[in-house]
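> One structure, as structure tokens, below. Some questions next.
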Amino acid sequence: MPIGTREVGAQVWRVDVGRTPLYLLDPDIPDNHPADRLLARRLYVGDRRVRLAQYALLGIGGLRALRALGVEPTVLHLNEGHPALAAVEWSCTAMALGASPERALQMGSERTVFTTHTPVADGNDLFTPDEIEDVLGSYLDQSGLSRHRVLALGHVDTDHEASFAVTALALRTSTRANGVSRRHGEVARQMWSGLGRIDAHPAAPIEYVTNGVHLPTWMSPEMQALLNRYLPRDWFSEAANPAVWEAIEAVPDGELWEVRNQLRRRLIEEVRYRTAGERFGRGMSLADAERAAGVLDENALVVGFARRLASYKRTGLIFQDSDRLARILEPPNPVQVVVAGKAHPDDQAGKQLGQVVFNAEEEHRGRVAFLSDYAMGLASILVAGADVWINVPRPPMEASGTSGMKVALNGGLNLSVLDGWWAEAFDDRNGWSVASHPGTVPDGGEEPSTASGDDLDATDLYRLLDSEVIPLFYRRDADGIPHDWLIRVKHSIRTIAPQFCATRMLHDYASRYSTSHCHHPRVT
């Protein structure tokens, strides 16, 4: 396929994920120019032309690869704006069969649905007309689609030259669109409300399908084994049925608590190993690494906090008042905080946030652990072992969030702001909600101060931990079992597991965006 001034080819790798084939495009082949062979080596490249070339490879090349494999999709689902050019490629095929450009674009949009994932403006790429010409000019020449038409389909009103948005292109070339939570659907509709009709192509109406997590992947084997003994035999295949989860009340508190202790111990062991390794890798002495291996307490409350280190996610909120945090961390009812994450390579504010967390680890040695990564292997251990999961993004910037869902599957509890999925899930008994304050307007200012809002949210976070979460966790009977805590754990599993599993999510997509809801026009 033409990208820029060159033809770029790709080989296709197949990976079977269970019974589902996953096809991966790889441009690292000898026939390609050396620069083109590197296109798939790195995500989130700062160079916009390179990013646009990646999107062309994914969207245009992806659809061509499927056809080369003999796969003709009945519905094309665009997951975020990155593959939006696939809808254009679909229209080009219709033009090659004799359809007019207008009719071809209509045919493509009638078979395309789109999921948008981010309400953060910086997460929606913008390109200039010159960048479109440099990367896609040759492709558009071959397709027969005019520059003006393609640029118009992706046009958004901006104050600068970069005015072509792949998200806008996806919305105008799809028949249906959705956000990834009820709240995100509302935010996305407002965010893109000014996206007007281009000729006969209005932006697709934005609905929502809330994300869900894959239960077999994210529920620990220990928790699965426990539930196998008490839930109905078909609970795994019927996970989206709320009635299946009613039997969670029959699980003895002692057995549930033992599983929770096992998962916490495994997390602590992993944190000790990784902390020692990271310190030794930074050039510290072996003795210092050995001391790091003794951090954390297997029996103390673990607060987990893991995500990409971005300013709006407010990873540093719990570290805002060091004295208040110190009082929460110490005996007689100790708390330990495990943070994992890393910043985007070009996000300087995110890197500074990482330094804040690292400094907190140094200040509160033995009670705070910072793991500068969040790969899937660590994530599975962390979401299973955390007793409480904190998620405090600055609303309304959380599209959905899924880590808290994974925590709930394993008997952890959520302590989050009412944004994304938690705005749907929270019911006063399955976790806690952190108040969200927009901040105060400074004298002579027009915008609320985010710092003032963060201060108020941090105060509420400390209050909840100090007055509700910690006392409930440490209120034990003579056998050391926190029955009141486990009442909340069981209610969390019962209410969250069926509603926020992938089975329910897939059912929603199939029922709302099935082939019966999309047109299958013929070229006339």
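> Return yes when VAL120 is under 23 Å from TYR208 (Cα atoms) and touching a residue at least 40 places away in the same chain (Cβ under 8 Å) and no when it is not.
yes
> Please verify whether region 386-393 includes one or more residues that are at pLDDT below 95 and touching a Lys or Arg at 6+ places or on another chain (Cβ under 6 Å).
yes
> Among the numbered conditions (1) more than 30 Å from ARG183 (Cα to Cα); (2) in a helix (DSSP H, G or I), tell me where TYR55 comes up short.
That leaves (1) as the condition not met.
> From the set of residues in region 71-107 that are touching a Lys or Arg at 6+ places or on another chain (Cβ under 9 Å) and in a loop (DSSP other than H, G, I, E, B), which is surrounded by the most Cβ atoms within 10 Å (Cβ to Cβ)?
HIS82
> A further question on this structure: Quick check: is even one residue across region 368-377 at pLDDT 85 or above, farther than 23 Å from LEU43 by Cβ and assigned to a helix (DSSP H, G or I)?
No, because not a single residue in region 368-377 is at pLDDT 85 or above, farther than 23 Å from LEU43 by Cβ and assigned to a helix (DSSP H, G or I).
> Here's a follow-up. Any idea how many residues of region 31-70 are crowded, with 16+ Cβ neighbours inside 10 Å, closer than 14 Å to LEU126 by Cα and of a type in the set (Gly, Ala, Ser)?
Of the residues in that region, 1 qualify.
> Filter region 234-276 for residues that are over 28 Å from the mean Cα position of the chain (by Cα) and modelled with pLDDT under 95; which is surrounded by the most Cβ atoms within 10 Å (Cβ to Cβ)?
So the residue we want is ALA276.
> Now for a separate question. Would you please list the contacts, defined by Cβ atoms under 7 Å and residues six or more apart or on different chains, that run from a residue in region 314-331 that is without any contact (Cβ under 8 Å) to a residue 24 or more places away in the chain and small (Gly, Ala, Ser) to a residue that is crowded, with 21+ Cβ neighbours inside 10 Å and part of a loop (DSSP other than H, G, I, E, B)?
none
> Is there a residue in region 46-59 that is touching a residue at least 24 places away in the same chain (Cβ under 8 Å), among the basic types (Lys, Arg) and farther than 27 Å from SER163 by Cα?
no
> Report yes if LEU382 is of a type in the set (A, V, I, L, M), crowded, with 22+ Cβ neighbours inside 10 Å and more than 24 Å from ALA276 (Cβ to Cβ), otherwise no.
No: the conditions fail for LEU382.
> Quick one: would you say GLU133 is in the same structural domain as ALA53 (by TED's automatic domain parsing) and touching a Leu at 6+ places or on another chain (Cβ under 9 Å)?
Judged against the criteria, GLU133 is a match.
> Return the only residue of ASN359, ASN333 being polar (S, T, N, Q), surrounded by fewer than 21 Cβ atoms within 10 Å (Cβ to Cβ) and in a helix (DSSP H, G or I).
When all the criteria are applied, what remains is ASN359.
The values are calculated or read from the model by the stated rules, or taken from the named source; none is laboratory data. This structure is a prediction, so every number in the text was calculated from the model and none was measured. Methodologically, a virtual Cβ is constructed for each residue, glycine included, from the backbone with ideal geometry; neighbour enumeration extends over all protein chains shown.
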